[in-house]
1. Can you tell me which of I65, I60 is closer than 19 Å to I96 by Cβ, buried (at least 16 other Cβ atoms within 10 Å of the Cβ) and touching a His at 6+ places or on another chain (Cβ under 7 Å)?
2. Sort through G72, G31, G35 and tell me the only one that's among the small types (G, A, S) and in contact with a helix residue (DSSP H, G or I) (Cβ under 7 Å, 6 or more places away or on another chain).
3. Keeping to the range 55-91, report how many residues are of a type in the set (F, W, Y) and at pLDDT 80 or above.
4. Could you tell me which numbered condition I6 fails, if it satisfies all but one of (1) surrounded by fewer than 12 Cβ atoms within 10 Å (Cβ to Cβ); (2) among the aliphatic types (A, V, I, L, M); (3) modelled with pLDDT of 80 or more?
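The values are calculated or read from the model by the stated rules, or taken from the named source; none is laboratory data. For clarity, every value in this text was computed on a predicted model and none was experimentally measured. When we count neighbours, we look across all protein chains shown, and the Cβ atoms used for this are built from the backbone with ideal geometry, even at glycine.
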Amino acid sequence: MKRAEIIAPVALIALGGLLLLNNLDWNYDLGEFIGRWWPAFLIVIGAGHVARGIVEGTPIAGGLILTLVGIGFQIHHLRPELSVGDLFRTYWPLAIIAVGLSQLLMFGRGRWYGRAHGR
């Protein structure tokens, strides 16, 4: 099983564990937990796309952008005084940097590299 294929089963196990703890009346509020930590799911998915892209030599820009969006929302949920709008207004150029990094990483693995070295 590839590393990227492990994410879905691990997510299901974690979700099932949380639901089981909720049914067993442990001292936590599942709704509050999910409401606070749902952006971490975006970060994990985005990071998985980035890792898979690096290993397989496919574009990673989408994964980087998803990770950045998840980080923005997670920061807002952990520090409510920081608005998501302010974060994105300030840090939106990171999305352009992510696309550029993706293209740069692909340059060494893509068709351009093969032509330059006679492959």
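1. Details: I65 fails: touching a His at 6+ places or on another chain (Cβ under 7 Å).
Sole residue among the options that is closer than 19 Å to I96 by Cβ, buried (at least 16 other Cβ atoms within 10 Å of the Cβ) and touching a His at 6+ places or on another chain (Cβ under 7 Å): I60.
2. On the way: G31 fails: in contact with a helix residue (DSSP H, G or I) (Cβ under 7 Å, 6 or more places away or on another chain); G35 fails: in contact with a helix residue (DSSP H, G or I) (Cβ under 7 Å, 6 or more places away or on another chain).
Sole residue among the options that is among the small types (G, A, S) and in contact with a helix residue (DSSP H, G or I) (Cβ under 7 Å, 6 or more places away or on another chain): G72.
3. Residues in the range 55-91 being of a type in the set (F, W, Y) and at pLDDT 80 or above: 1 in total.
4. With (1) surrounded by fewer than 12 Cβ atoms within 10 Å (Cβ to Cβ); (2) among the aliphatic types (A, V, I, L, M); (3) modelled with pLDDT of 80 or more applied to I6, the lone miss is (3).
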